[in-house]
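FYI, it's all coordinate maths here, none of it is from the lab. A quick note: this is a predicted structure, and the numbers were derived from the prediction, not measured. Note: ideal-geometry Cβ built from the backbone for every residue, glycine included; neighbour counts use all protein chains shown.
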Amino acid sequence: MSLFGKKLTPKEQMRQNDRALRKTERELDRDRRKLELEEKKLETEIRKNAKAGNKEACAVLAKQLVQLRKQKTRSYTAGTRIHAVSAQQKTMGANAKLAGAMATTTRTMGQMNRAVNPQQLAQTMRQFEQESAKMGMSEELVNDTLDDLLTESGDEEESDAVVNKVLDEIGIEISDKMRLAPSAERGAIGSKSSAVSDSDLERQLAQLKTS
């Protein structure tokens, strides 16, 4: 169907059909209301003629009432069918929208599948893993280099000087690798008579190394 020579889209066609169905339903409602009013009038006339004893008039009016009620029933039936058609059209419209959404999704998925090369993706992942491994190795090398740079060559000599100074203060000479250290126990070094045990020396040296 076309409007002013232009072909309607499915959405426009559905809107047009929906307007026509609603219009028909409104017309049927008006007709039923008229029929109901006419029905009440006939019932009133039949009662009047029945009280007056006019059987012939009652018979004619009764036939009219029967026909009117049949027409009202047909009107309700038509209204029910029109309502069913309207509901069916809405269902079809929802299905059409769903089909359109699925078609769009299918196209999008196809475009993505064409854009993504599985082999290229696998190669990229392998390169990523290789670069990650290289980065880990580089980080380890950098840390080792920084440790070497931060550990100056004079630190060990400075530490030895501090140890010697402390040992001198407590009356111990560490010449020839502390072989004279036991003489401190006999009071042979200096005028100090206090004995220094090996455990005391080890404890003091440990404190110096951790300070």
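Numerical summary
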| read-out | value |
| --- | --- |
| Unmet requirement for residue 56, which otherwise passes all of (1) surrounded by fewer than 10 Cβ atoms within 10 Å (Cβ to Cβ); (2) touching a strand residue (DSSP E or B) at 6+ places or on another chain (Cβ under 7 Å) | (2) |
| Criterion: charged (D, E, K, R), under 30 Å from residue 90 (Cβ atoms) and in contact (Cβ under 8 Å) with a residue 12 or more places away in the chain - qualifying residue of 36, 43, 12, 27 | 36 |
